1. Order B:183-191, A:196-204, B:56-64 from most to least packed using the mean count of other Cβ atoms within 10 Å.
2. For the charge dipole of the stretch A:7-245, defined by +1 on Lys and Arg C-beta atoms and -1 on Asp and Glu C-beta atoms about the Cα centroid, which residue among A:A234, A:V116, A:V205 has the Cα displaced farthest towards the positive pole?
3. In whole Å, what is the distance between the alpha-carbon centres of the stretch B:125-165 and the stretch A:135-163?
4. Between the stretch A:1-59 and the stretch A:76-126, how many Å separate their Cα centres?
5. If you take the square roots of the eigenvalues of the alpha-carbon gyration tensor of chain A and sort them as a ≥ b ≥ c, do you get rounded (a/c under 1.5), prolate (a/b over b/c) or oblate?
6. What's the exposure ranking of A:T219, A:T47, going from fewest to most Cβ atoms within 10 Å?
7. Quick test of the membrane-span-like rule: which DSSP H helices of chain A reach at least 30 Å along their long axis (C-alpha atoms) with mean Kyte hydropathy at least 1.0?
8. Most exposed first by the Cβ proxy, i.e. fewest other Cβ within 10 Å, how do A:I160, A:I218 rank?
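Read-outs throughout are calculated quantities, based only on the coordinates presented, and are distinct from any laboratory measurement. Predicted, not measured: the structure shown is a model, and the values here were computed from it. Because the Cβ atoms are built from the backbone with ideal geometry, glycine has one as well, and the counts that use them run over all protein chains shown.
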Amino acid sequence: MANDPIHQFQIAKLIPIEIGGMDFSFTNSSLFMVATVAATGAFLYLTTSSRGLIPSRLQSLSEMSYEFVANMLRDAAGSHGMKFFPMVFSLFMFVLVANLLGLFPYFFTVTSHIIVTFALALLVIGTVVVYGFMKHGFGFLKLFVPQGVPGILVPLVVLIEVISFLSRPISLSVRLFANMLAGHITLKVFAGFVTSLSGLGAVGVAGAILPLAMTVAITALEFLVAFLQAYVFAVLTCMYLNDALHPGH
Amino acid sequence: MFVTPGYAQETAPAEGEAHTQGGTRPEGEAHPVGEAHPALEGHTEQGAEHGGGVFPPFDPSSFPSQILWLAITFGLFYLFLKKVVLPRIGGILEVRSDRIAQDLEQAARMKGEADAAVAAYEQELAEAKGNANAIGQKARDGARADADAERKRVEATLEEKLAAAEANIASIKAKAMNEVGTIAEDTAAEIVRSLVGGADKAAVAAAVKAARG
């Protein structure tokens with residue numbers, strides 16, 4: 001039981017709330033969303049409170065994350081894209097901190113649930129669609145008709161473009177979700193080997209060294225993945241927003 | 001608090017069952033925590049297929065709660081960042097880049113001043129050098145002119161003296177020549193007289209003249 005790798009993804013109700021037959025309980029997932037938001041917000045707020053001309057280490061960490069996302073967005077979507085900066089920055093920081101918090105033992109990983117990542121992906125795609133139609137009207141549909149395609153191929157290309165556009169929220173959410181899920185399961189399985197092997201006496205303890213080393217290595221890898229997936233999520237968000245800004249590219 | 005569910009794996013089933021029974025939910029919507037466990041032990045996929053223990057991330061019963069709390073937390077997070085944090089960090093960065101630009105500008109201005117000072121100094125140096133050359137040249141020219149004048153004067157006096165000397169020599173020579181004629185006449189007359197015993201003075205003079213040619 002202790003080694004069940006799926007248990008870490010269980011939702012546990014902490015404060016049951018039910019409205020109109022729907023379950024809106026405050027769960028461990030909700031708790032970690034609050035923790036993610038509170039920790040990130042507090043960090044960004046407190047480290048920049050001195051407004052130092054010469055930044056302290058923590059202040060420069062906040063500034064680095066700001067400039068990192070700002071450069072990412074400016075590179076992908078140009079300076080017009082900066083109006084989406086708060087959204088991209090919030091998404092990046094939320095996903096990053098949720099991923100990193102999830103790496104602590106016994107902590108719940110918010111982004112290991114498909115519904116959370118899917119909701120975030122829908123927020124991105126929803127923004128792209130709403131802003132695209134607001135800004136360009138039906139000109140936004142030019143997104144599906146790339147320039148310079150021979151007339152015969154246009155229907156086929158449009159079909160492919162539509163399918164690729166519709167699969168974006170799915171690929172965006174599944175990528176993050178699956179990475180988090182698989183990483184945590186792997187980590188739990190290897191860590192489980194350590195405990196079960198070391199219960200078998202001296203030989204077992206010796207045999208447990210290898211999975212222990214693996215656990216350490218995978219933990220390091222998971223830190224990389226946690227950052228990388230947040231980065232990928234943010235970069236793709238920037239690229240999709242670029243479509244909304246410049247659909248006729 | 002959140003550690004408890006992780007530790008409480010053994011007690012979870014009882015709780016979960018209690019929930020399920022108490023809540024009287026439709027089939028398949030909620031078989032949370034508890035019932036998942038017996039099925040899950042090593043047979044996750046099978047369990048999920050049978051619907052007995054839904055794989056937690058795919059359990060729709062938790063979706064409304066997660067969406068609601070995500071919307072609340074992320075919405076607040078977004079507003080907080082947009083209204084407070086990002087303007088502040090942006091302000092800090094802007095102030096810094098302004099300050100850097102200002103400092104660079106000041107440095108450029110100071111460099112310009114230093115360059116101007118160097119240029120002025122070099123110009124003055126060049127002027128001074130030019131003046132020094134001019135003075136030197138004038139002095140040299142003056143000295144040379146003086147020397148030339150002196151030399152010409154000396155040469156002129158020498159020339160004069162030379163001419164005077166030559167004239168003197170010529171007059172002496174002429175006088176001597178004349179005297180040579182008189183001496184020759186006297187001598188010839190004397191010779192003639194001693195030979196012949198008397199001589200015609202005029203004839204002697206004519207003969208001498210003819211001999212001198």
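1. Listed from highest to lowest mean packing, they are B:56-64, B:183-191, A:196-204.
2. The one lying farthest along the dipole's positive direction is A:A234.
3. Answer, in whole Å: 98.
4. Taking the Cα centre of each part, the stretch A:1-59 and the stretch A:76-126 sit 13 Å apart.
5. Working: a/c = 1.92, a/b = 1.58, b/c = 1.21.
Since a/c reaches 1.5 and a/b is larger than b/c, the shape of chain A is classed as prolate.
6. Working: A:T219 15, A:T47 20.
Ordered from fewest to most neighbouring Cβ atoms within 10 Å, A:T219, A:T47 come out as A:T219, A:T47.
7. Working: long enough: A:114-136 (32 Å, 2.02); A:154-198 (63 Å, 1.40); A:209-245 (54 Å, 1.71).
Helices meeting the span and hydropathy rule in chain A are A:114-136, A:154-198, A:209-245.
8. A:I160, A:I218
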